[in-house]
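Input: a single structure, listed below in structure tokens.
Just so it is clear, none of the values below were taken in a lab; they were calculated from the coordinates. In this text the structure is predicted, and so the values were computed from the model without any measurement. A quick note on method: Cβ atoms are made from the backbone with ideal geometry, for glycine too, and the neighbour counts reach across all protein chains shown.
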Amino acid sequence: MQDTPKEGVERRELGEGLMIWRDAKSPFWQMRAYVPGTRRYVRQSLKTADEHKAIVEARKRWMRVQVRMEDNLPIFELRIEKACDLWIKHAEKLEEKGEFRPAVLYFARGTIKRYLKAYFGTRPLSSIDHGESDRYWRWRIENGKQGKSPRKVTLSMELTVINQIIEWAEIQGHVKRALIPRLKLPKPLAKRKQERRAAFSAHEMDTLFAMLKLWQGQGYKHTHRMTRMVLYYAVRLVYLSGMRTNDLPLLRWRDVRETWSERDQHWYVELYLRGKVEPGWVVALPDARKYLLEWRELSPCTDPDDLVFSFERDKEGRSKFPGLESSFRLFLKENNLWKDADGEQRSLYSLRHTYATEALKHGVPIEDLARNMRTSVSMIVEHYGHVTNLEKAKVLTQRPVTLTIDPFAGLLEEEEEEV
């Protein structure tokens with residue numbers, strides 16, 4: 001295979017298919033070495049304008065390539081664009097096995113298409129270092145969707161995607177382990193305060209449910225009307241449980257149960273949620289029972305393994321999850337509920353924020369709320385600090401009861417009752 005440099009290029013043949021060359025575009029020497037049996041060349045910049053140093057460096061690098069050939073290690077460096085495509089195929093296979101969440105894969109595809117490929121393109125994977133990372137984040141912030149600066153949580157999720165691609169490439173042997181550092185958000189971004197999350201007021205929730213009930217029959221196709229009916233009950237359950245939106249497509253009827261509490265002498269609705277974080281049972285507000293029973297009477301998909309929010313099956317007989325997020329956004333726009341008082345756009349996820357806000361207003365302890373929402377106390381404090389002291393004034397102003405009798409009297413009475 002012949003690959004002759006252009007005319008006017010300065011070059012030095014070093015034997016065994018190895019040569020160095022440079023042209024007027026750059027003072028630095030370049031290395032080119034033919035790899036037998038591959039019909040391809042290794043091309044690298046030697047980062048020096050000194051001819052003698054370039055020759056020594058080229059021979060060192062060529063020896064390293066030969067060692068990798070003998071050890072059956074990859075010779076040609078993986079490009080970032082190709083690494084993204086291969087990682088997506090890997091994630092899709094995991095998603096088919098139920099080992100990768102669909103919502104995360106959807107987000108990763110968008111991140112790769114809009115940002116990683118647009119910025120890095122065909123650069124080698126090893127070109128990513130902390131300096132390049134900082135340049136990327138500056139570019140990313142300036143090129144947000146609709147010209148808006150991305151949220152910190154969005155950037156953190158994108159960072160996770162990038163690091164997963166790097167880790168996968170190392171495991172597959174495309175790059176040497178630890179050659180590429182795990183990336184971090186720049187300090188100014190890492191310290192950026194989380195924005196207040198959009199939610200609904202109590203009055204808006206009343207309006208939302210009333211309008212959503214009417215909206216069900218306004219679809220001009222049967223599938224539209226059914227999707228809107230599913231949406232009505234899904235909105236109810238998210239609001240009454242505080243679940244994440246990526247919990248919805250995974251929730252099956254076998255994940256719903258009613259549990260009797262001996263302590264409270266009361267039945268509670270529990271949901272087994274498995275999206276984003278470790279799966280676990282959470283307790284929904286009492287009205288969840290009513291709406292789950294209503295929907296179960298209407299739904300054609302009620303087998304234990306069927307998705308709760310589904311009204312049709314695919315060719316293999318499996319229940320299908322409808323596009324609820326896009327339908328909900330359309331509903332919000334049509335009914336002037338698209339943005340909150342601060343101009344923040346709302347979504348199906350805003351119902352989780354509304355659940356958290358109302359729980360805090362009613363005095364639910366932060367630790368208990370965090371556990372039931374499957375998140376951390378710090379996240380609750382950071383995102384829902386707008387629940388003002390005045391709204392919790394009753395809890396904050398409760399005074400301790402002054403003892404007017406022997407403080408041991410109650411203890412003795414309790415011991416007698418236990419005996």
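Brief remarks follow.
- Taking 7 Å steps out from each Cα toward its Cβ at residue 82 and residue 39 produces label points 1.5 nm apart.
- Virtual spin-label span in nm between residue 211 and residue 132, 7 Å along Cα→Cβ: 4.8 nm
- For residue 218, the shell of other residues with beta-carbons less than 10 Å away shows a net charge of +1, using +1 for Lys and Arg and -1 for Asp and Glu.
- Paramagnetic reach from residue 341 in the range 199-213 [backbone N under 13 Å; point 7 Å along Cα→Cβ]: 199-204
- The slack between residue 106 and residue 276, meaning 0.36 nm per residue of separation minus the straight C-alpha distance, is 59.9 nm.
- Three-way shape call for the range 100-180 based on the alpha-carbon gyration tensor, with the a/c threshold at 1.5: oblate
- Packing, taken as the mean count of other beta carbons within 10 Å per residue, orders the peptides 90-100, 239-249, 119-129 from highest to lowest as 239-249, 119-129, 90-100.
- Local net charge near residue 245, Cβ-Cβ under 11 Å (Lys/Arg +1, Asp/Glu -1): +1
- Anisotropy class assigned to the range 10-155 is oblate, per the alpha carbon gyration tensor with a/c at or over the 1.5 cut-off and a/b no larger than b/c.
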